[in-house]
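Taken together, the values in this text are just the output of simple stated rules run on the coordinates, not laboratory data. Keep in mind it's a predicted model, so treat the numbers as computed, not measured. Cβ placement follows ideal geometry from the backbone for every residue including glycine, while neighbour counts extend to all protein chains displayed.
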Amino acid sequence: MACPFFVPSRRLEITGWLHPPRLPLGDPFGGACHAHPAEIVEPPEAQQRELCNCGYARTRCDRFPSGSAPDAVRFSVTDDTAVRLSVVYVVEKDHAPTEFGTLEYLIADAHLDGPPISDVLTQQARAFLESYLRRRALSASA
């Protein structure tokens, strides 16, 4: 469950964990916090690994907005073919869904289609798909 305000921009190496957790975007990512759009910052890497990548940081992150903002976003592939992936996203607050939908990803042209979603959610979906496709290619070559 990634933080709903985190915009991933680059894959980080899986280091720093004795046993790497199962991350909501598949791999750890570095990026920027968009909790306050007028003040976009890149938190320290340790904070990105523990809070931005993992979500549910409402009481642990000083940048997390007060009020009724969602806490986390999760993704899951529900259909995987050679040409298309179906991805379900769920936006959560207090461990309960507040928004959800399905995105279709056409592999050949890297096109993501579905209901209108925020730029942050789009970037997270793309990061998740990058991780998923990387792992799929690794397992196919094994």
Report summary line: In order over segment 92-107: 3J(HN,Hα) from phi, Karplus 6.51/-1.76/1.60, θ = phi - 60°, whole Hz, x for each Gly or Pro, gives 10, 9, 6, 6, 10, x, 10, 7, 7, x, 10, 10, 10, 10, 8, 5
Query raised in the report: With axes computed from alpha carbons, what is the tilt in degrees of helix 119-141 against the longest principal axis of the chain, rounded to the nearest 10 within 0 to 90?
Result: 40 degrees
Report summary line: Dividing the helical contributions, -39500 (n - 2.57) per DSSP H run of n ≥ 4, by the residues of the chain yields a 222 nm value, nearest 500 deg cm²/dmol, of -5500 deg cm²/dmol
Requested in this report: Give the dimensionless ratio obtained when the Cα radius of gyration of the chain is divided by 2.2 N^0.38 Å.
Outcome: 1.03
Query - Cα gyration tensor category, rounded, prolate or oblate, for segment 2-41 with a/c compared to 1.5 - result: prolate
Query raised in the report: Taking neighbour counts of Cβ atoms within 10 Å as a proxy for exposure, in what order, fewest first, do Phe29, Phe100, Phe5 appear?
Result: Phe100, Phe5, Phe29
**Report entry** Asp79/His19 FRET efficiency (R0 25 Å; Cβ-Cβ; nearest 0.05)
**Finding:** 0.25
**Report entry** Residue range of the chain that is longest and free of GluC sites (Glu not before Pro) which are both DSSP loop and sparsely packed (at most 13 other C-beta within 10 Å)
**Finding:** 40-142
